[in-house]
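> Just dropping this structure here.
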Amino acid sequence: MKTLAKSAARSATKYALGALCGLMLGTASAQAAEGVKLPEQDWSFDGVLGLFDRAQLQRGLQVYREVCAGCHGLRYIAFRNLADLQYNEDQIKAIASEAIIVDGPDDEGEMFEREGRLPDYFPSPFANDKAAAASNNGAVPPDLSLMAKARFGGADYIHALLTGYEEAPADFEVLEGLSYNAYFPGHQIAMAQPLDDDAVEYADGTEASLDQMARDVAAFLTWTAEPKLEARKTAGIWVILFFLFVTGVTYASKKKIWADLHKDDGSKE
Amino acid sequence: MNWKAMISGTVEWIDYRLPIFTFMNHELTEYPTPRNLSYWWNFGSLAGIALVIMIATGIMLAMQYTPHVDHAFDSVERIMRDVNSGWLLRYLHSNGGSFFFIVVYIHILRGLYYGSYKKPREILWILGVVILILMMATAFMGYVLPWGQMSFWAATVITNLFSAVPIIGEAIVTWLWGGFSVDNPTLNRFFALHYLLPFVLVGVIFVHLWALHRFGSNNPLGIDAKGPQDKIPFHPYYTIKDSFGLAVFLVVYLGFVFFAPNYMGHPDNYIPANPLSTPPHIVPEWYFLPYYAILRAIDFNFLWIVPAKLGGVILMFGSIMILFLLPWLDRSPVRSARFRPIYKWFFWLFFLDCLILGWIGANSPDGNFHGIPFLLIGQLATLYYFGHFLVVIPAISLLERPKPLPTSISQPVLQGGGATAGAGAKPMEKA
Ligand code: HEM
């Protein structure tokens with residue numbers, strides 16, 4: 001009787017946990033099924049302990065500034081945030097000063113242009129969505145700050161998208177002004193292939209292959225989307241270790257406190 | 001000065017006039033609890049703690065959040081980037097919503113398995129269903145606040161459901177929106193209600209516990225306690241057991257918060273709301289998926305008088321409302337499924353049915369599973385959901401021959417050890 005009840009409770013637990021996992025895997029696979037299968041890349045920030053690779057983020061910033069910034073904004077990133085990429089203050093000031101910021105109104109009530117400063121945000125390349133669409137075949141280039149969190153696959157997707165320009169299959173008709181892309185939903189994208197080998201000359205001498213640049217800018221955009229990733233993971237390790245310890249202590253106390261009851265009757269809890 | 005005496009003197013002074021300490025001692029320390037509760041009984045206190053976490057993190061988020069269509073999304077990003085530990089608060093809150101539902105769903109399934117809704121706990125059960133409804137309303141409105149694409153479109157889809165009400169439907173929707181589409185007035189009132197409802201929840205939970213303490217917890221055997229030997233004081237036995245459960249819960253919950261904070265969210269909610277661009281798949285948060293499947297299962301008119309949309313809406317709300325009737329649909333006097341050989345299997349079948357509904361809810365109804373249309377699977381699962389309550393439960397409660405019940409809680413547990421009832425009575429004297 002007793003053992004029967006015990007094993008019933010155990011198997012019930014197992015079923016329930018299994019079902020819960022099943023449910024979660026189910027949603028995950030449903031999510032993956034929404035697009036084409038993305039090739040999975042290795043990222044320095046993968047996994048529980050993975051952090052950013054600073055040199056890679058700096059290269060990614062370079063790709064963004066020299067190529068993507070012509071069309072895409074980065075509105076949630078301020079120049080001061082670049083301190084996270086291990087630039088010193090002079091370097092950041094230099095980067096900021098290359099940006100043109102519209103400020104004002106001044107004492108005469110006029111708007112004026114000035115050099116960027118540390119607290120300024122990356123300026124958007126177009127005055128508004130209408131202007132952006134007008135210069136891009138009617139499509140608005142989306143802001144990239146949150147791109148890595150706003151698409152299934154994150155960095156994998158961005159890398160795949162940038163390297164996914166190819167000849168359209170014979171039976172696929174690509175509309176005027178659009179390009180075929182293996183990973184864009186619907187395969188027709190209004191962004192012409194933005195990167196090709198040697199589109200930039202890396203300051204650190206790394207060879208600027210298409211794959212390398214796509215990888216670097218995808219990593220950079222992961223940082224712009226989740227700048228607190230490192231703080232989160234490093235704190236997380238300690239928090240989890242602490243609560244594992246608390247789990248152990250409370251478990252031992254529970255055993256001890258309940259021991260006299262079990263002694264009485266040898267029952268399960 | 002003798003601090004100890006002073007404190008106990010003050011406590012006595014207050015307690016004589018307002019017996020709050022006696023009350024707390026009675027309800028939280030001495031409170032006699034069945035000695036045989038399993039770990040499934042941990043989820044009630046976990047749900048309470050989850051609510052406290054939601055309120056604490058929510059109030060701190062509200063200090064930084066701006067409920068305006070032009071600023072809501074940006075203010076959440078500011079919380080994530082510039083507010084000290086803002087990312088932590090926000091991830092605690094967004095994952096907390098999911099974990100609150102996980103805990104409460106397990107808590108409800110526990111009640112279904114062990115017959116906790118039966119006499120004399122019907123009101124306790126009904127209050128539980130009210131709590132579930134309030135939680136759902138709160139979570140739905142909270143999900144709208146960050147004003148991402150899914151926020152906006154989920155709000156649009158769900159509020160539009162009310163347009164199915166005959167004649168006054170459109171007027172209700174306009175009234176809910178405070179305008180002619182989901183817009184700033186909608187966001188404002190959702191914020192006001194999202195702040196308010198958790199406190200209404202606290203009130204209902206208090207009454208839920210009041211009803212609980214009238215007869216005490218049910219237990220895995222589902223039989224009433226026969227005497228003090230069947231019960232133990234809540235403290236220290238269940239305080240330590242609940243603490244252990246809490247620690248395990250925190251490891252799992254914080255594991256998601258720190259290492260997979262967006263796993264249960266939808267990427268589209270990191271795109272600012274855009275009324276001009278409808279996402280290809282509008283899906284609710286995972287905890288609403290089964291209801292969403294029921295809503296979409298009805299693509300035909302009922303008996304030529306109820307249009308399909310209204311039918312779906314009625315069934316979706318009905319899927320919760322039917323829980324109110326459960327104590328009267330189940331005629332079996334035996335509570336625990338342990339002694340109900342047929343009900344036990346149908347319980348698991350029902351659980352499976354809910355998972356299937358969740359899976360269908362996550363997928364577009366046009367798709368198919370090895371050639372079986374999702375729509376059809378959703379319809380059959382919906383039929384079974386209601387069949388479980390309206391046919392299966394009443395029928396088995398009449399047909400089933402329950403196994404013999406143990407005569408008392410301490411009897412089955414005493415058999416093995418061979419100790420006397422006197423020894424078993426010891427714990428309650430300890431209090
Ligand atoms: C029953 C308890 C509660 C539940 C289930 C709940 C649920 C949610 C959910 C699902 C979100 C969306 C999270 C996201 O995706 O970003 C949210 C956001 C929010 N909630 Fe709550 N909440 C609760 C209590 C509260 C309370 C008591 C407050 C304030 C006093 C609050 C304030 C907020 C604020 C300001 C936001 C917007 C910020 C954000 O999106 O992160 N919540 N809530």
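The values are calculated or read from the model by the stated rules, or taken from the named source; none is laboratory data. The shown structure was predicted, so the numbers you read here are calculated from the model rather than taken from an experiment. Reconstructed Cβ throughout: ideal geometry from the backbone, glycine too, with neighbour counts over all protein chains shown. These area figures cover heavy atoms from the full protein model, side chains too; ligands, DNA and RNA do not enter into them. Shrake-Rupley method; radii C 1.70, N 1.55, O 1.52, S 1.80 Å.
> Could you identify the single residue in B:Thr29, B:Thr22, B:Thr57, B:Thr66 that is more than 10 Å from the ligand (Cβ to nearest atom), out of contact with any Pro (no Cβ under 7 Å at 6 or more places or on another chain) and either within 24 Å of B:Leu212 (Cα to Cα) or of a type outside the set (A, V, I, L, M) (or both)?
B:Thr22
> Taking the options A:Tyr183, A:Tyr202, name whichever one is part of a loop (DSSP other than H, G, I, E, B), among the aromatic types (Phe, Trp, Tyr) and surrounded by fewer than 19 Cβ atoms within 10 Å (Cβ to Cβ).
A:Tyr202
> Suppose we filter B:Ile133, B:Ile108 for residues that are of a type outside the set (Lys, Arg), within 14 Å of another protein chain (Cβ to nearest Cβ), open to solvent by 20 Å² or more (accessible area, probe 1.4 Å) and within 16 Å of the ligand (Cβ to nearest atom); which single one remains?
The unique qualifying residue is B:Ile108.
> Counting only residues that are among the aliphatic types (A, V, I, L, M) and surrounded by 13 or more Cβ atoms within 10 Å (Cβ to Cβ), how many does the range B:392-404 have?
Of the residues in that region, 4 qualify.
> Read through the list (1) surrounded by fewer than 18 Cβ atoms within 10 Å (Cβ to Cβ); (2) closer than 22 Å to A:Ala148 by Cα; (3) away from chain B (no Cβ under 14 Å), then give the number of the only condition that A:Thr234 fails.
That leaves (3) as the condition not met.
For (1) under 30 Å from A:Ala139 (Cα atoms); (2) acidic (Asp, Glu), each residue gets a yes or a no:
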{"position": "A:Glu173", "(1), (2)": "yes, yes"}
{"position": "A:Gly177", "(1), (2)": "yes, no"}
{"position": "A:Gln193", "(1), (2)": "yes, no"}
{"position": "A:Gly205", "(1), (2)": "no, no"}
{"position": "A:Ser209", "(1), (2)": "yes, no"}
{"position": "A:Phe220", "(1), (2)": "yes, no"}
{"position": "A:Leu244", "(1), (2)": "no, no"}
{"position": "A:Val249", "(1), (2)": "no, no"}
{"position": "A:Lys255", "(1), (2)": "no, no"}
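> Conditions first: (1) part of a helix (DSSP H, G or I); (2) farther than 20 Å from B:Val257 by Cα. B:Phe99 passes all but one, so which condition is the exception?
(2)
> Looking at A:Gly153, A:Gly164, A:Gly116, A:Gly138, which one is touching a residue at least 40 places away in the same chain (Cβ under 8 Å) and buried (at least 18 other Cβ atoms within 10 Å of the Cβ)?
A:Gly153
> Further question: From the list B:Arg81, B:Arg17, B:Arg35, which one is within 14 Å of the ligand (Cβ to nearest atom) and either surrounded by fewer than 18 Cβ atoms within 10 Å (Cβ to Cβ) or within 11 Å of chain A (Cβ to nearest Cβ) (or both)?
B:Arg81
> Something else now. Filter the range B:138-181 down to the residues that are among the aromatic types (Phe, Trp, Tyr) and more than 17 Å from B:Asn274 (Cα to Cα) and list them by number.
B:Phe140, B:Phe162, B:Trp175
> Still on this structure, I have one more. Return the only residue of B:Trp286, B:Trp304, B:Trp345 being open to solvent by 30 Å² or more (accessible area, probe 1.4 Å) and in contact (Cβ under 8 Å) with a residue 24 or more places away in the chain.
Within the list B:Trp286, B:Trp304, B:Trp345, the selection yields B:Trp286.
> When you scan the range B:86-97, how many residues do you find that are open to solvent by less than 20 Å² (accessible area, probe 1.4 Å) and either within 8 Å of the ligand (Cβ to nearest atom) or farther than 30 Å from A:Pro227 by Cα (or both)?
2
> List the number of the failed condition for A:Gln91; all other conditions in (1) surrounded by 16 or more Cβ atoms within 10 Å (Cβ to Cβ); (2) under 23 Å from B:Asp82 (Cβ atoms); (3) not β-branched (Val, Ile, Thr) hold.
Going through the list (1) surrounded by 16 or more Cβ atoms within 10 Å (Cβ to Cβ); (2) under 23 Å from B:Asp82 (Cβ atoms); (3) not β-branched (Val, Ile, Thr), A:Gln91 breaks only (1).
> Another question about this same structure. If B:Thr66 satisfies all but one of (1) farther than 24 Å from B:Gly255 by Cα; (2) crowded, with 21+ Cβ neighbours inside 10 Å, what's the number of the condition it fails?
(2)
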